[in-house]
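Encoded as structure tokens, the structure appears first; notes follow it.
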Amino acid sequence: MLYYAVKRLGSLCISLIIASLVIFTCIEIVPGDPASFMLGINAQPDTIAALREELGLNQSLTQRYFGWVGGLLTGDLGTSYTYRSPVSEIVADRIAISLPLAIYALSLTVLIAFPVGLIAASKRGSVTDVSVMGATQLGIAIPNFWFAMLMVLIFAINLRWFSAGGFPGWDAGFWVAMKALTLPAIALALPQASILSRVMRSSLLDTLSEDYVRTARAKGLTRRQVMWRHALRNALIPVLTIIGLQFSFLLAGAIIIENVFFLPGLGRLVFQAITQRDLIVVESVIMLLVFAVIVVNFLVDLAYAWVDPRLRVQS
Amino acid sequence: MSLLSIQNLSLSIHGKPILKGVSIDIEAGQVCGVIGESGSGKSMTAFSVVQLLPDGASSEGKVMLDGIDVLTAHESTLCDLRGRAVGIVFQEPMTALNPVKTIGDQVMETILIHERVSKAEAMDRAADALTRCELPPDRFPMTRYPHELSGGQRQRVVIAMAIALRPKLLIADEPTTALDVTTQAEILQLLKQLVTEDGMSMMFITHDLAVVTGLADKIVIMKDGEVVERGHAATLHTEMQQPYTKQLFAASTHQPERGQQSTPDPILKVENAVRTYLLPRQSFFGERPEFHAVNDVSFDIKRGECLGLVGESGCGKSTLTRAILGLEPLKSGRITLDGEPVSTSVAQRRMQVVFQDPYGSFNPRHKVERLIKEPFHRLDRQATEQEVDDALVSVGLQPSDKHKYPHEFSGGQRQRIAIARALIIRPDLIILDEAVSALDVSVRAQVLDLLVELSREFDLTYLFITHDLTVVRSIADRILVMQKGKIVEQGATEDVFGAPSSDYTRSLIAAAPQLPDMTKASTS
Amino acid sequence: MTHDSFVQSLFRSRNLVIGVGMTAVFAIAALVSLIWTPYDVTQLAIANKMQTPSATHWFGTDHFGRDILSMLMVGAQTSIAVAFIAVGIGMGIGVPLGLTAAARRGGVLDEIIMRGNDLVFAFPSLVIAIMITALFGPSAVNAIIAIGIFNIPVFARLSRGAALPLWTRDFIMSARVAGKGAARISVEHILPNIFNLLIVQGTIQFSLGILAEAGLSYVGLGAQPPIPSWGRMLAESQTLISIAPHLALFPGCTILLTVLGLNLAGDGLRDLLDPRIRRTGR
């Protein structure tokens, strides 16, 4: 088990290093001179020189790379050219919205998908199964930002249950803040929950056709008991894979959904940074998103080993 | 009254008839062998007893088990019967256990769902059951997972689950088919012992007549969903009435007529061949351990002979096959075909191979013509129409069969196509890698005849690789016995069988199930 | 399987018929728009702005007075082109990578390819699009590249996963005995046997591509004005949603139905082609 975990941790580190190299190359090397890129074609040579100095562009590439990575590790992400404040502070403010939103949406996804998948699989072929699976087809096909707009129209504009957008801040109280994140989280969770329900259902049905399920039935277990005691845990293996993948979809989706609800999260930040050509901010936010995805996949790998004892010994 | 009484049972699945009027009675304490080839309906008969049938199954007739009609019984009654009154052992020990639960939990479950006992008591009784199945918890902790056990050990766990509550009837569905011959003998011994100790009845399903000899009290033979013959095990081989039964007995002991034609000069020489694999690292430090799949193996194959290579699974015979075909590099030693190293294409174009699985041997998307032309890839020219037709005819198929896809043929016919593919470039050496192991006995006898006939006609040399001693005895001129990567015995077939020199060979021969000697029985 | 029974089972698969039918409607609309649309989508007619659906404008007009039906038809071109080319990129690069990895299973090349895949998976398509846009500015081509790159590991993993069990089959061993190399075996024996899977996955990635393109152009990272696109139509309708909900309704429903059609077609295809479900002929 320890060997497995350490090995996964090793590949996590390698992934992070390569990802940082890729991002660094794309943002700092591809555009040629980042300083003149950021300031645009009309910039004065001395302004560019000043920015070059500020960004440390006069150092060699390796120095710049290790400077950046060192900054990432110590929490010093440099200073934003447009906001004139430390990037780490700006990003921290935004994460306080984006991360809770992603976790909220992921929890909703799992809370919806598990029961739905279980019910559909245990009542396979019934009216419930067919209608629930039909509904998930719609859920997958619906663009989440459009669904968000419709929810705003119905629940905010017409029914006035929620505000149409914006975020009061965590200072306004936990439940007030959570309420502001509810519609965005539902919009994010619905398509993912639909996908996960279908995966859950088909994975359960696959496991139910395994030999060991027949063995369990031969011991005298009812269909229901077999489902809970034998099929569920085995069916979790593919479900975990999908949950890992979905986290990255949720993060990416959050960037779009934040725009629908005018939430000042990482997504809004990165779009503002793009329009203002603030490469420093873009670079940091992208690294952060990629970091999150890689870490979640590492956790999923550990969860595999928890579910499946065969992985604990295999290399 | 019988413990189990199947009366005129008919079964269809999605409208397709599977069983037609099957009747079988099993008395308390009696062992009944149900024998049939694939598709005979023998397993479905067994699953009908506990009503674990696939979706879309509908049955007619009557199945009385311990006074209960299972066809009309409620599901809750059936759940109560399963595990408590009837235990079941399945064919595939590798997949019959839940991979994410410990073996202790799985054995305990049988007890916990039927009896209101504490977990500690259930655990004690599970330990008892495992001990009775020769997996004592002090040597095989109950916290082990199935993947930490071998196939034979897993089958013991499955048996422990089935007998934990001392059921009145044990249904064993080909319980030893997936196992090696020595393991098979141990499991058969174990089942026999459990049946005697508990006075249990057993329904033993198999395709292999020899397996039930000495185990069953009575025998039922099935074909195409019907019972064709029944009788006492001790006397069936003398009293059998039906032509099918006679044919089955004959095929099981079939001896193709081989013409002795081997010459003293060797065609293939294997000299001190060693092939190793690196195993996964066990710790962070240290060397990766090496596994010697083929360990210093030397032998010759003489032109025109049929050399049998016998060994259990994992003994290295598949690796050796690939090395001979030039598909695996050796760590040391050399293999030559008429002096040419087998890694050269000169040597490779003179060898062909026929594999075990008649379903996996062909690309399902290609037609027969394209399939059997494939070996021509090594030659400088294309196959002619005539050569394709000749190859098909020589294995007993029609030239028109070349326009069909492999799924349009039966297992035996596919194996003929595989032989045609091996023959088409007129090789000198054909390696038969478990080539008849997946076939039903009657088909197997025909394919063996064909092989002998072809070797005479085309002057072929065979390397016949198998785990099945009966088959190898009937066809091989000489035999090599392989164990753990080494050749432990070699010699002429009758010498090896008559006076085996190594312990391993002796244990193999002792473990192999034997049919009663029919010639002796019928004259006495 | 004879030709007749194939056609019969094709029509028996209700999902497939409905899905293909729906997809065909949108494909035909896109094709027709190449030569004809009810109104010119580049012509602004402020006088006609924000009309509700009527006999002259079936789906109404937008805030510039443009005919929504015509814009949706032209927008279908963008959506289909972006998603189609992105699937092409994913398959064209991903499948060879996956087949190579499977042919060299357990080797260094396999490890490199699969680690590379994991790495690309760590970059959601939107993040790739953001990076590209940060450097080169937004355009439909960016959307294609971003979605295409995202598709590569999907196809690489799928084809490797499907090819691995095939490599252990005896018919591959026979081909090796016949002297065929790994590349030849991959093309001749592996590819035809995983083709069905690729088609099914291609359909699914196509529908995901349409959703992703809509998302990218909604946030302004996709096709730029004046090229009509479904996502941007939704973005423009957002501020007007309380006054003119139909502006948001029609583009949204169009995306929903297109994606639904493709998914149904994909499911139907899988039922039709997957031998685990369809056992006839065996």
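The values are calculated or read from the model by the stated rules, or taken from the named source; none is laboratory data. Please read all numbers here as calculations on a predicted model, not as lab measurements. Every residue, glycine among them, receives a Cβ derived from its backbone with ideal geometry; neighbour counts consider all protein chains shown. Protein only, heavy atoms only, side chains kept; ligands, DNA and RNA dropped before computing areas. Shrake-Rupley method; radii C 1.70, N 1.55, O 1.52, S 1.80 Å.
Taking every residue in B:48-60, how many Cβ atoms of other protein chains lie within 10 Å of its Cβ, on average?
1
Relative to the longest principal axis of the Cα atoms of chain C, helix C:68-103 runs at roughly 20 degrees.
Most simply put, the protein assembly as shown has about 55% antiparallel DSSP beta bridges, counting only bridges with both residues inside it. Computed with the Debye formula from one identical point scatterer per Cα of the stretch A:32-74, without solvent, the log10 of I(q)/I(0) at q = 0.25 Å⁻¹ comes to -0.84.
Round to the nearest 0.05 the FRET efficiency obtained for B:His207 and C:Val25 when R0 = 60 Å and r is the Cβ-Cβ distance.
On the way: r = 55 Å, r/R0 = 0.92.
That pair, B:His207 with C:Val25, gives E of 0.60.
Beyond 31 Å in Cα-Cα separation lie the following of the pairs B:Lys246/B:Lys486; B:Lys62/B:Lys168; B:Lys302/B:Lys486; A:Lys219/B:Lys42; B:Lys218/B:Lys317: B:Lys246/B:Lys486; B:Lys218/B:Lys317.
Computed from the C-beta positions of B:Asp224 and B:Val346 and an R0 of 45 Å, the FRET efficiency is 0.35 to the nearest 0.05. Summed over qualifying helices (DSSP H, 4 residues or more, each -39500 (n - 2.57)) and divided by its residue number, chain A shows a 222 nm mean residue ellipticity of -24500 deg cm²/dmol.
From the cross-link list B:Lys331/B:Lys367; B:Lys269/C:Lys180; B:Lys16/B:Lys373, which pairs have alpha carbons spaced over 27 Å apart? The pairs that break the limit, which is 27 Å between Cα atoms, are B:Lys331/B:Lys367; B:Lys16/B:Lys373.
With the cut-off at under 11 Å, measuring from each backbone N in the stretch C:176-208 to a point 7 Å along the Cα-to-Cβ line of B:Arg378 picks out C:176-180.
With the simple spin-label model, which puts each label point 7 Å out from Cα in the Cβ direction, the C:Asn196 to B:Glu27 separation comes to 5.2 nm. Based on Cα contacts under 8 Å between residues 6+ apart, chain B shows a relative contact order of 15 percent.
A Gaussian network model of chain A, with springs between Cα atoms under 10 Å, assigns the largest mean-square fluctuation among A:Thr62, A:Thr79, A:Thr25 to A:Thr62. Over all other residues within a Cβ to Cβ distance under 15 Å of B:Glu134, the charged ones net out to +2, with Lys and Arg as +1 and Asp and Glu as -1. Classification of chain A by its C-alpha gyration tensor yields an oblate form. The axis ratio a/c (a ≥ b ≥ c) is 1.5 or more, and b/c is at least a/b.
Round to the nearest 0.05 the FRET efficiency obtained for B:Glu457 and B:Phe291 when R0 = 25 Å and r is the Cβ-Cβ distance. With a Förster radius of 25 Å, E is 0.05. Within the shell defined by Cβ-Cβ distances under 13 Å, the residues around B:Thr493 carry a net charge of -2, with Lys and Arg each +1 and Asp and Glu each -1. Remark on B:Met203: its backbone amide H falls under 5 Å from those of B:Cys32, B:Leu170, B:Ile171, B:Ala172, a criterion applied only to residues 5 or more positions apart or on other chains, H modelled at 1.01 Å from N.
Seen from A:Ile119, the other residues with C-beta closer than 11 Å to its C-beta sum to a net charge of +2, counting Lys and Arg as +1 and Asp and Glu as -1.
Look at the alpha carbon pairs under 8 Å that are at least 6 residues apart: their mean separation over the length of the stretch A:103-254 gives a relative contact order of 32 percent.
What is the list of residues in the stretch A:73-97 whose amide nitrogen lies under 17 Å from a point 7 angstrom out from the Cα of A:Glu53, following Cα to Cβ? Output list for this probe position: A:79, A:81. Note on surface exposure: B:Cys306, A:Cys13 rank A:Cys13, B:Cys306 by accessible area, highest first, 1.4 Å probe. If you filter the stretch A:231-312 for chymotrypsin sites (Phe, Trp or Tyr not before Pro), then keep DSSP loop positions with at most 13 other Cβ within 10 Å, what is left? Sparse-neighbourhood loop chymotrypsin sites (Phe, Trp or Tyr not before Pro): A:Phe262. Compared with the dominant principal axis of the Cα atoms in chain A, helix A:61-74 is inclined by about 60°.
For the stretch C:91-110, list residues with backbone N below 16 Å from a point placed 7 Å from the Cα of C:Thr168 toward its Cβ? Backbone N within reach: C:102-107.
From the largest down, the protein assembly as shown spans 111, 72, 62 angstrom on the principal axes of its Cα atoms.
With Rh defined as the Kirkwood radius, the inverse of the mean 1/r over Cα pairs, the Rg/Rh of the stretch A:168-315 is 1.12. Counting only protein heavy atoms and a probe of 1.4 Å, the accessible surface of the stretch A:87-314 is 67% carbon and sulfur. Counting Cβ atoms of other protein chains within 10 Å of each Cβ in A:304-310 and taking the mean gives 3.
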